[in-house]
1. Provide the gained length on full extension for the span residue 320 to residue 98, in nm with one decimal, where the gain is 0.36 nm per separating residue minus the Cα-Cα distance.
2. How much of the calculated P(r) for the chain lies past 31 Å, in percent of all Cα pairs?
3. How high is the relative contact order of the stretch 258-391, given as a whole-number percent (alpha carbon pairs under 8 Å, six or more residues apart)?
4. Take the eigenvalues of the Cα gyration tensor for the stretch 147-188, scale each by 5, and report the square roots as semi-axes in whole Å, largest first.
5. Using 0.36 nm per residue, how much length does the chain from residue 56 to residue 87 gain when fully extended, once their Cα-Cα distance is taken away?
6. Quick one: work out the % antiparallel among DSSP beta bridges in the stretch 1-117, nearest 5.
7. Between residue 182 and residue 120, take the C-beta separation as r, use R0 = 35 Å, and let me know the FRET efficiency to the nearest 0.05.
8. Just how far, in whole angstrom, is the stretch 10-57 from the stretch 156-230 if you go by their alpha carbon centroids?
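Just so it is clear, none of the values below were taken in a lab; they were calculated from the coordinates. Small disclaimer: the values here were computed from a predicted structure and weren't measured. Cβ: placed from backbone, ideal geometry, glycine included. Neighbour counts: every protein chain shown.
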Ligand code: FDA
């Protein structure tokens, strides 16, 4: 049995940030993970280059039952703070697009940075240790495969359900429920969408083609649009625009795609003496869509006739392609889990449970989900730092 000030469960982005902040304050911290090494999700993130933050980070880029909850933590640990840490370690990075910062070399640099900071702060990092039970007996008793730890504070940083084959578990949600905290229903987010059989028959043979679109999803009042690439897959749709929209999509709802944002694609056919036939329509569409998509579109949605009215209807259709997905690719392919520990149960400044003093939840296990593009790591750093300064 070991007695420490804080036990942090999960050595991912949030857990490591929390542990190093607490360690720097002189707290005795144990950081536990059942994986064979720390930061496994960081290693595979951003295609191996870790999109570690987004310089445009703001609370509007996060989904939560309480859209204001994330503001406090995000204001106390900003993109400038993680950039300063990355620079302190001599890690070179670049902005790719839309404010997304990636390592020049490898995500490994970010994990090494966090491990070094933890070591310098005196954090005891233990990997290959599964946390089995958290019990409250005055203070907390954390039962693990490496023995029992006693602490005044327990920080749950066990992440979400996405990519179970990498060690994701629902342990954090179980701990929340065990202590009487509400968990907002979880669902896969930032996830490819799957066509129904009819749409799959129409489009899936074009797997691999992509186009810039505006994808819109969500219930009317909360609908959100993203102008980015859409990719046809062998089962449905993916690409950044669709992944973003998927976080707002619910079963049974549709997603609308503007396939020619800001362009009147069929304008050339309206001109005086212009040719008006399927070949001319495909040619016009090729200005905005790949050849194969253009051909398929005209074959699937030919105009009733070639009058101006029919061409206008064809144009409208192109800007509002409505797909009702059969589902998503699920947690196996989801980048994150939406939903999680209800923010109404947590203090926005410290991430401590209001019902159970000493119990903290940070990172993806909380009902705060960022857009694609470095927002989820920024939430992990910010919520981790908030708890690390409080435990
Ligand atoms: P995280 O999942 O990182 O860590 C939780 C830890 O808890 C894990 O190490 C796990 O092993 C451990 N654990 C779970 N149960 C346990 C138990 N019972 N006992 C002990 N340990 C336990 N985001 C972003 O901003 N930029 C990006 O580039 C990417 N890229 C990306 C790619 C891919 C493929 C995925 C799947 C996800 C991303 N993300 C991302 C999302 C990002 O990785 C994610 O939001 C953060 O890693 C969440 O950090 P946490 O620390 O909360 O959980």
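1. Details: separation 222, 0.36 × 222 = 79.92 nm, distance 2.43 nm.
Extra length from residue 320 to residue 98 when fully extended: 77.5 nm.
2. Values: 32004 of 76245 pairs.
Value for the chain (Cα pairs over 31 Å): 42 percent.
3. Working: 128 pairs, mean separation 23.9, N = 134.
Relative contact order here is 18 percent.
4. Details: eigenvalues 88, 47, 11 Å².
Here the semi-axes work out to 21, 15, 7 Å.
5. On the way: separation 31, 0.36 × 31 = 11.16 nm, distance 1.86 nm.
Residue separation times 0.36 nm, minus the Cα-Cα distance, leaves 9.3 nm.
6. On the way: 6 of 10 bridges.
If I count the DSSP bridges inside the stretch 1-117, around 60 percent turn out antiparallel.
7. Values: r = 38 Å, r/R0 = 1.08.
Computed FRET efficiency for residue 182 and residue 120 comes out at 0.40.
8. Cα centres, the stretch 156-230 to the stretch 10-57: 22 Å.
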